[in-house]
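None of the figures in this text is laboratory data; all of them are computed from the coordinates on show. All figures in this text were calculated on a predicted structure; none of them were measured in a lab. Here the Cβ positions follow ideal geometry from the backbone for every residue, glycine too, while neighbour counts run over all protein chains shown.
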């Protein structure tokens, strides 16, 4: 078989993989934000009827992944593989959220880049002939993430301006061969990039070098530039991180204009919602893509986008042991549906 | 493209993927066990020159993955993807162990089944035309695992007979197209199976139903039975878990004879090494395969094996919140090298 690699980090699918459906379920704060009308489900109760934040996160996963399959007019039994992950220790949001599904399961850890990793591997499994349908997703929960990575919420710790707000929710897509929907055409897989940032309250700075590295690699591999995309969208860098990416790439002679934005910027109203640097967490890019961008692609308002969920690959233990925070980004080229229905 | 699926959970690769090299690096206890002569490197210092157990685990990852690439007569730059994971929170053993490699990276979480997950996805990426070479591996460390999942070692907690001993080390393979070596021909991907076991000191019982489910699915998908394999080898069920698998399958009318064993049984001498139920951890199946089985396949003493690393998908938080322990297994059919060198 001829290779599908078109550069050091990029592959081009033999046949575009169709995003047959996308589903997004979010918590109360996201439901008050500027993207409220794009989400499928908004949940008022941050516990989602459960007794712990972790169980609530799993509940988001289970309900939303079922919704994605339903929106694709398919059954869970039709899914050849499930790929997902989250921020919690041992990916427990995903494990306990999907354990009822009884389908072949690949657990992923890409921190907040997980949606990009799940869609990348899912699309390759389909294009490689191994699957007809893949269910891919990612989740996070503000309360379980704060508890695990920063400080118990009850402590009322002051948040610095560079701190971001973990998005509560789950985003999931059903990928398939054929059918109608936006298509994944190319995948640029990120390297771990560590520039020595150690401030767990400035994740945007930790992830920006990885995002810049991914965008540059993608442009080099494809010969394209910012002008070839209607949107270039990173995962959860927020306001500070986005500006850093622009600055880092400017130094490399690569200019990004206003077509480059970040899901962390779009999901909250910075002024009205007191979310400081913006949104973050695996769900940030997952629900923003599944809610907002999926619809923009379907309506052909965006014809080609580079979607690059970003992740800060730290743990509480590594931070306590003085390690810096490595970042990663997983990029996908996603295009609007072809004009004619197949 | 025609589908490669031959059953509900199994795919057959279009062309066998060659395991170009396998490397194993283990700690002092493993070096005293019955497989000592099969490991590439044995490290006397449990800290491996580092100041913490977590950093030691990353050191095992870095050194051993470099060794695998070196044994394959390749350079790290030749690796199109790296796939690996471990038991630590946010997979920090793998993240910090591979961050210097600067190659496209997919982090995985499959608990102790990770070696199976990494080899499965790696083989599919190659057979799908996305990669020429993939570096896949998994690691664990007795001290970091005990600290995270059970009790601080300094406490000297008594271990019940069903407790297993987390293997310290890293196992890694270089997968590629062409060349000489054992080959991966089929992949059976596991479902999450939760039978309600809640005892974190009896992981074998938690994982046995998932291993039994995988073996049964594999036999159904391929029409084979135990007699078609020279060895069927699960990951880290240990003595109690192995017997449970045999018992569970007997009830389904499926007989496993002595060709079925478990890496957790083989890696330690139960009587002399006081390891109770046997070995466990991501490294258990990874180093036993990369050390012992790889050589048995190369020497054609084993012609066809079903290798199924097993994982208990629990976290400390889920255990504290009363959740049961879901299990998973990832199966691969691995055959000895074809008689003629290519």
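Each other copy places its own label point for residue B:243 at 6.6 nm from this one, sorted shortest first, where the point lies 7 Å along the Cα-to-beta carbon line. Between the alpha-carbon centers of region B:151-203 and region B:92-130, tell me the distance in whole angstrom. So the separation of the two Cα centres works out to 15 Å. Inter-label distance, residue A:180 to residue B:15: 3.9 nm, where each label sits 7 Å from its Cα along the C-beta direction. Each label point was placed 7 Å from the Cα along the Cα-to-Cβ direction; for residue B:102 and residue B:199 their separation is 5.1 nm.
For the residues of A:20-26, the average number of beta carbons from a partner chain within 10 Å of their own beta carbon is 0.
With label points defined 7 Å past Cα in the direction of Cβ, position residue A:299 shows copy-to-copy spacings of 6.8 nm, given to one decimal and shortest first. Going from the residue with the fewest nearby Cβ atoms within 10 Å to the one with the most, B:301, B:339 rank B:339, B:301. Taking chain A as a Gaussian network of alpha-carbon nodes connected by springs under 10 Å, the highest mean-square fluctuation of the residues A:191, A:102, A:71 belongs to A:102. The value of relative contact order for region A:183-335, using C-alpha pairs under 8 Å at least six residues apart, is 38 percent.
For chain A, adding -39500 (n - 2.57) for each run of n ≥ 4 DSSP H residues and dividing by the number of residues yields -9500 deg cm²/dmol at 222 nm. If you plug the beta carbon distance of residue B:150 and residue A:47 into 1/(1 + (r/R0)^6) with R0 = 35 Å, you get a FRET efficiency near 0.75.
Inter-chain neighbour count for B:207-213: the average number of beta-carbon atoms from partner chains within 10 Å of each residue's beta-carbon is 0.
Projecting 7 Å from Cα along the Cα-to-Cβ direction, the label point of residue A:339 sits 6.0 nm from its equivalents in the other copies, listed shortest first. Take each residue in B:324-337, count the other chain C-beta atoms within 10 Å of its C-beta, and the mean is 1.
Working from Cα pairs under 8 Å separated by at least six residues, relative contact order for chain A is 25 percent. Chain B versus the axis that turns it onto chain A: the residue with the nearest Cβ and the distance in whole Å amount to B:128, 1.
Ordered by the count of other Cβ atoms within 10 Å of each Cβ, fewest first, A:265, B:267 give A:265, B:267.
Maximal additional length on extending the residue A:75-residue A:271 stretch stands at 66.4 nm, based on 0.36 nm per residue less the C-alpha distance.
Using C-alpha pairs below 8 Å separated by at least 6 residues, the relative contact order for region A:15-176 is 32 percent. Counting neighbouring beta carbons within 10 Å and listing from fewest to most, the residues A:165, B:239 come out as B:239, A:165.
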